[in-house]
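**Q** Here it is: the structure, laid out below.
The values are calculated or read from the model by the stated rules, or taken from the named source; none is laboratory data. Here the structure is a predicted model, which means the values were calculated and not measured. Backbone-built Cβ (ideal geometry, glycine too); neighbour counts: all protein chains shown. Accessible surface areas use protein heavy atoms only, side chains included; no ligands, DNA or RNA. Shrake-Rupley method; radii C 1.70, N 1.55, O 1.52, S 1.80 Å.
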Amino acid sequence: MSAPMDKPESSRRQFFNGTVRGAFLFLLGAATTLLFRRSQPKRTVWQIDPYKCICCTNCATKCVMHPSAVKCVQVYPMCGYCKLCTGYFEPEPISLDTGAENQLCPTGAIKRRQLEDPYYEYNIDEPLCIGCAKCVKGCVLFGNGSFFLQVRHDRCVNCDECAIAIACPSQAFQRVPADKPYLFKNREHQA
Amino acid sequence: MRRMLRACLYLTLLSLPLVAAFGVERFPPPEFDAGYKMPVTTMPPARALWLSYVDVAVLVAALALASYLVLKKRSRDGVLALSVFSLLYFGFYQQGCVCSIGSVQDVALALFNSGYVVPLTTVAFFLLPLLFTLFFGRTFCSGVCPMGAMQDLVLLKPVKVPAWLEHALGTLPFVYLGAGILFAATGSLFIICEYDPFVALYRRTGSFGMLALGAAFLIVGIFVGRPYCRFLCPYGALLSLVSRFSKWGVTLSPTDCIHCQICDTACPYGAIADPMLKDPHPDPRKRARRRLALLALTALLVVLGGWLGERLSVPFSNSHATVSLAEQIAAEDAGKIKEPTDASKAFRQTGQPVEELYAEAHRVRGRFAVGSVLFGAFVGLVFGLTLISVSEPHERNVYDPDPADCVSCGRCYVYCPKEIVRVKRIQGKNVIPLTPVRGEQKG
Ligand code: SF4
Ligand code: SF4
Ligand code: SF4
Ligand code: SF4
Ligand code: SF4
């Protein structure tokens with residue numbers, strides 16, 4: 001069927017295709033140069049600025065991971081080791097002990113350990129924590145704010161766009177360099 | 001007594017101004033004696049950087065292998081094996097991010113927002129498949145893209161989608177691409193990620209909506225070949241554009257098609273372009289008039305799209321956090337809304353002046369005003385060009401894969417009787433030549 005008559009038609013098409021291909025190559029090249037100027041070898045990951053977070057509970061519900069990749073962390077040097085920890089206890093606890101009915105945390109993820117009187121150490125049992133920020137709110141409002149939320153990178157899958165970031169009312173999420181993936185609070189900042 | 005003390009404590013604490021809440025040390029940390037060892041908060045590291053270079057290396061290797069398997073080896077089994085590998089590596093191991101499809105948005109954000117620096121690996125995921133497609137056709141789709149691989153593997157009982165529906169739905173990827181770029185470039189949302197049907201399946205966790213979407217696509221995909229690829233995938237839209245002009249690509253029976261139409265039945269993706277032997281409009285004057293009318297219609301569609309885009313630019317822009325926040329603050333200040341939202345409360349806590357917020361929202365609105373018009377016009381253009389392409393008679397006299405739609409799955413190779421004979425003949429000589437250049441033999 002390919003009569004010699006078809007030849008000019010097909011070579012014309014080939015020429016046209018080749019030209020467009022060249023144009024595409026040029027475009028790709030241009031895009032590459034432009035992009036390289038705006039790119040960096042480092043990867044970025046998502047992290048919460050704890051000084052912006054307003055403890056809205058979205059972190060528990062909007063993450064693509066269930067339970068959330070956001071967890072509460074405890075920075076011990078900032079903690080007051082309070083007997084009445086407002087991050088640990090309900091506002092009106094029946095008694096100041098580890099009974100579940102006294103605890104703020106819905107999953108019982110905070111472990112309380114008595115040290116020398118009157119000090120208590122509070123630890124987060126991360127697998128249990130769902131990142132609901134209830135304890136954070138309690139600690140920030142009435143305590144030292146040593147509890148705060150962080151994206152935990154052993155669980156976070158580093159979504160291209162973090163699903164919580166777009167739902168966060170205080171725009172506390174930001175991309176940070178992957179080799180410095182945490183934004184911890186510190187005492188100097190508080191002072 | 002204790003109760004009262006506590007009540008007092010709470011009362012004093014409650015009266016503390018909220019603004020100060022972020023930076024207060026209310027209870028000095030105790031000085032412990034040497035006996036106490038303070039625990040150190042762990043910082044589990046993010047995935048190592050070199051691993052993402054491995055990802056890029058695997059991508060290049062998979063692309064090269066796919067191109068070799070499809071074009072040189074012409075092996076459906078090879079493609080199948082590669083699909084399984086890609087699904088496991090890019091899907092279940094890499095858990096979907098970053099993928100080439102989503103990278104479109106990073107690229108758009110980086111190009112239009114000087115503030116965003118895109119990681120090199122993301123750039124590689126965006127560019128490499130395009131580059132390969134430019135030379136070898138959509139071999140990325142054949143067995144490298146985990147989304148395509150997933151759909152390819154679940155396809156059991158393909159049904160044929162009627163041509164008109166195929167054409168109509170075929171415009172969706174371009175619309176989606178345009179919308180994805182619009183929302184990413186303005187820094188509002190990554191909609192392509194938000195409605196990614198399979199990523200929740202790779203992670204085997206996610207919201208109910210996402211998992212349900214994935215399951216729905218898989219179930220439909222048993223009967224309709226690659227529903228996401230053909231009717232939604234925005235990156236596929238880009239690839240199909242590029243693939244039209246690729247140097248090599250899947251071709252059948254380079255010498256003589258016997259019009260048995262077996263390949264057409266075999267291709268589950270409706271990618272075999274039917275030859276149109278007879279021109280439906282033999283009268284050249286009528287044809288010219290028809291062409292002119294279609295061109296005019298396209299121009300009209302472009303204008304209409306642009307106008308619609310302009311109308312929609314304000315609702316679109318409300319997807320941007322800054323704009324919706326500014327709206328909320330303005331409404332609150334005007335007394336229209338009593339109840340503050342979390343976002344507006346957070347904003348007021350920062351003490352940032354409202355004017356700054358308004359100015360920023362205004363800038364975003366401006367970007368949307370331009371972007372939405374362009375987006376609308378683009379959609380109009382896509383509709384117009386689709387109309388033109390379906391009504392123009394294709395001058396072709398053999399059955400052959402359409403480079404735009406063919407995802408290089410390699411199924412048709414095994415069915416074309418002429419191809420089978422050809423492969424047998426060549427296998428005797430133990431060499432399989434590279435597929436001919438597109439358009440070389442065909443009239
Ligand atoms: S979504 Fe934002 S404000 Fe809400 S808890 Fe998470 S980081 Fe805090
Ligand atoms: S209260 Fe919420 S954020 Fe705090 S430890 Fe419990 S689950 Fe985690
Ligand atoms: S990036 Fe993804 S996995 Fe990580 S915290 Fe955000 S939504 Fe969760
Ligand atoms: S069309 Fe899109 S989803 Fe399908 S294989 Fe190609 S890139 Fe992947
Ligand atoms: S390789 Fe063949 S069967 Fe597969 S999509 Fe292309 S034309 Fe269809």
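**Q** Under the definition of partner shielding as Cβ atoms of other protein chains within 10 Å of a residue Cβ, what is the mean value for peptide B:45-51?
**A** Shielding by partners across B:45-51 averages 6.
**Q** Over chain A, calculate the relative contact order: mean separation of alpha carbon pairs under 8 Å at least 6 apart, over the residue count, as a percent. Spell out each step's value before the answer.
**A** Details: 276 pairs, mean separation 63.8, N = 191.
Averaging sequence separation for qualifying contacts and normalising by length gives 33 percent for chain A.
**Q** By a straight-distance test (C-alpha under 15 Å), which aspartates and glutamates pair with B:Lys338 as possible cross-link partners, with residues fewer than eight away in the same chain excluded?
**A** The reachable aspartates and glutamates, counting only those whose Cα sits under 15 Å from B:Lys338, are B:Glu327.
**Q** Here's a follow-up. Extending each Cα 7 Å along its Cβ direction at A:Ile94 and B:Phe112, get the distance between those two points in nm, one decimal.
**A** That separation, rounded to one decimal, is 5.7 nm.
**Q** Give the calculated FRET efficiency between A:Glu188 and B:Trp50 to the nearest 0.05, with a Förster radius of 41 Å applied to their Cβ-Cβ distance. Can you show the working numbers first?
**A** Working: r = 33 Å, r/R0 = 0.81.
The pair A:Glu188/B:Trp50 has a calculated efficiency of 0.75.
**Q** Hey, got the dipole for the stretch B:51-249? About the Cα centre, +1 on K and R Cβ, -1 on D and E Cβ, debye to the nearest 20?
**A** Roughly 660 debye, rounded to the nearest 20.
**Q** Given +1 on the Cβ of Lys and Arg, -1 on the Cβ of Asp and Glu, and no further charges, what dipole in debye does the protein assembly as shown carry about its Cα centre, rounded to the nearest 20? If you can, show how the numbers build up before the last one.
**A** On the way: 66 positive and 48 negative charges, 381 e Å.
The calculated dipole for the protein assembly as shown is roughly 1840 debye.
**Q** A further question on this structure: How high is the relative contact order of chain B, in percent, counting Cα pairs under 8 Å that sit 6 or more residues apart?
**A** 23
**Q** Which Rg and Dmax, in Å, describe the Cα atoms of the stretch B:249-369?
**A** Rg and Dmax of the stretch B:249-369, Cα atoms, are 28.0, 77 Å.
**Q** Oh, and also: If you roll a 1.4 Å probe over the stretch B:284-388 with all protein chains in place, what percent of the accessible area is carbon or sulfur?
**A** Of all accessible area on the stretch B:284-388, carbon and sulfur atoms account for 67 percent.
**Q** Simple spin-label model, 7 Å along Cα-to-Cβ: B:Tyr93 to B:Asp274 in nm?
**A** Using points 7 Å along Cα→Cβ, the separation is 4.4 nm.
**Q** To the nearest whole number, what is the average tally of beta carbon atoms from other chains within 10 Å of the beta carbons of peptide B:342-351?
**A** The mean count of partner-chain Cβ atoms within 10 Å per residue comes to 4.
**Q** Another question, if that's okay. Over chain B, with a Gaussian network built from C-alpha contacts below 10 Å, which listed residue (B:Met210, B:Met150, B:Met38) shows the highest mean-square fluctuation?
**A** Ranking B:Met210, B:Met150, B:Met38 by mean-square fluctuation puts B:Met38 first.
**Q** Under the classification rounded if a/c is under 1.5, otherwise prolate if a/b is larger than b/c and oblate if not, where does the stretch B:306-345 fall, given a ≥ b ≥ c as square roots of the Cα gyration tensor eigenvalues?
**A** Note, shape of the stretch B:306-345 comes out prolate.
**Q** If you take all C-alpha pairs in the protein assembly as shown, what percent of them are over 49 Å apart?
**A** The answer is 26 percent, as a whole percent.
**Q** On to the next question. Shape verdict for the stretch A:68-172, please, from the Cα gyration tensor: rounded (a/c under 1.5), prolate (a/b greater than b/c) or oblate.
**A** Note, shape of the stretch A:68-172 comes out prolate.
**Q** Shape call for the stretch B:142-246 from the C-alpha gyration tensor, a ≥ b ≥ c root eigenvalues: rounded (a/c under 1.5), prolate (a/b greater than b/c) or oblate?
**A** Taking the square roots of the gyration eigenvalues as a ≥ b ≥ c, the stretch B:142-246 is oblate.
**Q** Further question on the same structure: Around B:Leu357, with a cut-off of 13 angstrom between Cβ atoms, what is the net charge of the other residues, counting Lys and Arg +1 and Asp and Glu -1?
**A** Result for the neighbourhood of B:Leu357: -3.
**Q** Please enumerate, by chain and number, the aspartates and glutamates with C-alpha under 13 Å from the C-alpha of B:Lys345, excluding those fewer than 8 residues away in the same chain.
**A** Result set, ordered by chain and number: B:Glu332, B:Asp333.
**Q** Treating the beta-carbon of each Lys and Arg as +1 and of each Asp and Glu as -1, no other charges, what is the dipole magnitude of chain A about its Cα centre, to the nearest 20 debye?
**A** Rounded to the nearest 20 debye, it is 1060 debye.
**Q** Summing both sides, how much accessible area is buried between A and B? Use a 1.4 Å probe and give Å² to the nearest 100.
**A** Interface between A and B: roughly 7300 Å².
**Q** Anyone know which of A:Val70, A:Val157, A:Val20 comes out most mobile in the 10 Å Cα GNM of chain A?
**A** Maximum among the listed residues: A:Val20.
**Q** Related question: Name the most mobile residue of B:Pro315, B:Pro197, B:Pro146, meaning the one with the largest mean-square fluctuation, in a Gaussian network model of chain B with Cα contacts below 10 Å.
**A** Evaluated over chain B, the most mobile residue of the options is B:Pro315.
**Q** Follow-up. Given Cα pairs under 8 Å that are at least 6 residues apart, what percent is the relative contact order of the stretch B:69-210?
**A** Relative CO of the stretch B:69-210 lands at 33 percent.
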